[in-house]
1. Going by what's in this entry, would S100 be described as touching a Lys or Arg at 6+ places or on another chain (Cβ under 9 Å) and surrounded by 14 or more Cβ atoms within 10 Å (Cβ to Cβ)?
2. From (1) among the β-branched types (V, I, T); (2) open to solvent by less than 80 Å² (accessible area, probe 1.4 Å); (3) modelled with pLDDT under 75, pick out the condition that doesn't hold for T54.
3. Among the residues of the range 114-156, which ones are aliphatic (A, V, I, L, M), modelled with pLDDT of 75 or more and in contact with a helix residue (DSSP H, G or I) (Cβ under 8 Å, 6 or more places away or on another chain)?
4. Name, by its number, the condition in (1) of a type outside the set (S, T, N, Q); (2) open to solvent by less than 100 Å² (accessible area, probe 1.4 Å); (3) over 30 Å from E158 (Cβ atoms) that does not hold for K108.
5. Quick one: what pairs do we get from the range 59-87, first residue over 25 Å from R122 (Cα atoms) and in contact (Cβ under 8 Å) with a residue 24 or more places away in the chain, second small (G, A, S) and open to solvent by less than 70 Å² (accessible area, probe 1.4 Å), C-beta under 9 Å, 6+ apart or different chains?
Amino acid sequence: MAWDEWEQLKADALQRQQGSTQMQLNELDGGGGFGGPSRPDTYGDLKVANDGLTKIGKAAFGLYNQLWDKARVTVPSSDSAAADLSKQGFALGPGLKHVSNRWEEQLKSLMDACAHISNHMRVTKKLHDNDEGYIQRQMSSIAALDAGFDERVGAPGEKNSIYGEPSKKKEE
């Protein structure tokens, strides 16, 4: 394929792209709707605010600890009161025991939910940090590779500056 023909194909593709209406995931209509930036020159990036994840995780962990310290205290005293009332023949004893059991079940359920949220936020933060690092490493290696093939970076026949200076080995 001749170079002029290639340039013509690229120009035709660009013309078709500008002339047609198509869905693009990295742009909005500029109306400021949901789902992304309102400026047409801004591209959508996956961003996770680690501060938000950390705050949610810490709040859930704090609530878990408070429930453990304060809400559990009533269960042993309620159980002993229920047993004492039952021994004395009061019908209130079994009712108090039922309430105590339900309280303990609901408390365990709430504490499990808090622990789940806390753990999930910690894992999510770690996964997104790892993904971000991986993407940055991949993108930087692509940029170095692109610059290495770009003839405009250095004069023909000269060492491309993108690779830096050769390392000097120490003589011992």
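The values are calculated or read from the model by the stated rules, or taken from the named source; none is laboratory data. This one's a predicted model, so the numbers in the text were calculated from it and none came from an experiment. Ideal geometry is used to build each Cβ from the backbone, glycine not excepted, and the neighbour counts take in all protein chains shown. When the accessible area is computed, the model is the full protein with side chains, heavy atoms only, and any ligands, DNA or RNA have been set aside. Shrake-Rupley method; radii C 1.70, N 1.55, O 1.52, S 1.80 Å.
1. Taking the combined requirement at face value, the residue does not satisfy it.
2. The failed condition is (3).
3. Result: A115, I117, M121.
4. Unmet for K108, out of (1) of a type outside the set (S, T, N, Q); (2) open to solvent by less than 100 Å² (accessible area, probe 1.4 Å); (3) over 30 Å from E158 (Cβ atoms): (2).
5. T74/S100; V75/S100; S78/S100
The rows are residues; the columns are (1) out of contact with any helix residue (DSSP H, G or I) (no Cβ under 7 Å at 6 or more places or on another chain); (2) modelled with pLDDT of 75 or more; (3) among the aliphatic types (A, V, I, L, M).
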residue	(1), (2), (3)
E5	yes, yes, no
L9	yes, yes, yes
Q22	yes, no, no
V48	no, no, yes
S77	yes, yes, no
